[in-house]
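The values are calculated or read from the model by the stated rules, or taken from the named source; none is laboratory data. Being a predicted model, the structure only gives us computed values, none of them experimental. Neighbour counts run over all protein chains shown; Cβ positions are idealised from the backbone, glycine included.
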Amino acid sequence: MPQKRYLFTPGPTPVPPQVLTALGEPVLHHRGPDFRTVFERVLARLREVHRTSSDVLLFTCSGTGAFESAIVNLCSPGDRVLAVSAGHFGERWIAMARAYGCAVEELRYTWGETPSPDDLARKLEEIEPVALVLIVHSETSTGDVADVQALARIVKRAGALAVVDAVSSLGAVPLEMDEWELDVVVSGSQKALMAPPGLATVAVSPAALEHSARASLPRYYLDWERTRKAQAKFDSPFTPAVSLVVALDVALGLLLEDGLECAFERHIRLGRACRAGLKAMGLELFSPDEDRSAVVTAARMPEGFEATQLTRVLRDRHGITIASGQGELKDQIFRIGHIGWFDEFDIATALSAVELALGELGAPVERGLAATRALEVYTEGAPV
């Protein structure tokens, strides 16, 4: 029998069968009326998910392409920007801005710490003026979710643009682009939006568009103005990933049909269940033991064991994929994603598999408790 495979990573994430079915439909011509109808609906749904009336630009690339579009459309050589980094994706902001010749100031934290609005205010007072502040909403490498609303308030007070990585948070936890005065929000299709990898979104405020008109870094494929003008006619300046756009349309329809608030509540309950199960095993959490940690749960490996050992056993023996740590945390922690098309039984399966694999490795864990505890906690949080 072929081995059944399970995907429990922070991204890519599992895709609903309706979305997979859409991928198998006949390919539409990207300049034809059938595709324009789909494209128009996708763009409207993306604005709804972002809670914005601003343009949401769609690119055929990964989320990193959305990061890059923000840098090349907003910066000129030598511009001073501030990057807030508490993990791998904060470091990506820093590396990318430096690669394009920006003068990057850093507000650094130990990986796993939560960025503080007070720290940001002090840093901005020291270094003002800066053009942009680069922020990570959900730091996928650690499981921490920052208070972007509070951070953006500080950024606006300093007269800078708030540029936010929401690749793993969009559609999983609350994000109010207009209400929170976020200037740029970048995301991708392969996380809570429940679609395959390959599409990136960039929501751009009027202030950010105005700023981009003055920026002088070269751009072509990722040019916001070229893309915005084409999308105003429900068109794309270049050939988009047509079948992925059709699949994203279905995925967004599923997400919005249930309602974003339902998605947020479900992710909170999944996070609670995952944390409870890991603690029942006797493992120490790395990500915060709080409801804001609703995207990814990270736990420390038992002393003397490495995360790559665990992920290898899970993948090769049991067909289950979770994530080890990234960067300096590579072998110290493992991560279970619960964003997008996940339910309580996925959490129970992931926890049971981790429990089994750690036992096979000889790690001292409590056996037979994790799934039961997780389901108890998930049920406790069910709406009446």
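Summary table
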{"quantity": "Thr9, sole failed condition from (1) outside any strand (DSSP E or B); (2) in the same structural domain as Val202 (by TED's automatic domain parsing)", "calculated": "(2)"}
{"quantity": "Hey, Ala162 small (Gly, Ala, Ser), crowded, with 24+ Cβ neighbours inside 10 Å and closer than 30 Å to Gly24 by Cα or not", "calculated": "no"}
{"quantity": "Set Ser138, Ser187: member being touching a Gly at 6+ places or on another chain (Cβ under 9 Å), under 29 Å from Arg275 (Cβ atoms) and of a type in the set (Ser, Thr, Tyr)", "calculated": "Ser187"}
{"quantity": "Count - residues of region 269-308 that are in a strand (DSSP E or B) and in contact (Cβ under 8 Å) with a residue 24 or more places away in the chain", "calculated": "5"}
{"quantity": "Residues satisfying the stated conditions in region 311-340, i.e. in contact (Cβ under 8 Å) with a residue 24 or more places away in the chain, among the polar types (S, T, N, Q) and part of a strand (DSSP E or B)", "calculated": "Thr321"}
{"quantity": "Candidate set from region 223-274 (those that are of a type in the set (Lys, Arg) and either in contact with a helix residue (DSSP H, G or I) (Cβ under 8 Å, 6 or more places away or on another chain) or over 30 Å from Ala348 (Cα atoms) (or both)); member that is surrounded by the fewest Cβ atoms within 10 Å (Cβ to Cβ)", "calculated": "Lys233"}
{"quantity": "Yes/no for Ala200 being over 15 Å from Arg51 (Cβ atoms) and either touching a residue at least 60 places away in the same chain (Cβ under 8 Å) or out of contact with any helix residue (DSSP H, G or I) (no Cβ under 9 Å at 6 or more places or on another chain) (or both)", "calculated": "yes"}
{"quantity": "Residue that is nearest to the chain's Cα centre (by Cα), among those in region 43-66 that are assigned to a loop (DSSP other than H, G, I, E, B) and either free of Cβ contacts under 8 Å to residues at least 12 places away in the same chain or closer than 22 Å to Val242 by Cα (or both)", "calculated": "Ser62"}
{"quantity": "Where a residue in region 141-154 is outside the structural domain of Ile333 (by TED's automatic domain parsing) and its partner, wherever it lies, is part of a helix (DSSP H, G or I) and of a type in the set (Phe, Trp, Tyr), with Cβ under 9 Å and at least six apart", "calculated": "Ser141/Phe89"}
{"quantity": "Which listed residue, of Ala357, Ala350, is under 28 Å from Trp111 (Cα atoms), in contact with a Phe, Trp or Tyr (Cβ under 6 Å, 6 or more places away or on another chain) and in a helix (DSSP H, G or I)", "calculated": "Ala350"}
{"quantity": "Test: residue in region 77-86 that is closer than 27 Å to Gly337 by Cα and assigned to a loop (DSSP other than H, G, I, E, B)", "calculated": "yes"}
{"quantity": "Positions within region 100-124 being in a helix (DSSP H, G or I) and free of Cβ contacts under 8 Å to residues at least 24 places away in the same chain, in sequence order", "calculated": "Asp118, Asp119, Arg122"}
{"quantity": "Filter result (surrounded by fewer than 17 Cβ atoms within 10 Å (Cβ to Cβ), closer than 16 Å to His318 by Cβ and among the small types (Gly, Ala, Ser)) within region 353-368", "calculated": "Gly359"}
{"quantity": "Test result for Ser69, crowded, with 20+ Cβ neighbours inside 10 Å, of a type outside the set (A, V, I, L, M) and in contact (Cβ under 8 Å) with a residue 40 or more places away in the chain", "calculated": "yes"}
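Conditions (1) within 25 Å of Thr227 (Cα to Cα); (2) among the aliphatic types (A, V, I, L, M), marked per residue:
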| position | (1), (2) |
| --- | --- |
| Met1 | no, yes |
| Thr13 | no, no |
| Thr21 | no, no |
| Pro77 | yes, no |
| Ala97 | yes, yes |
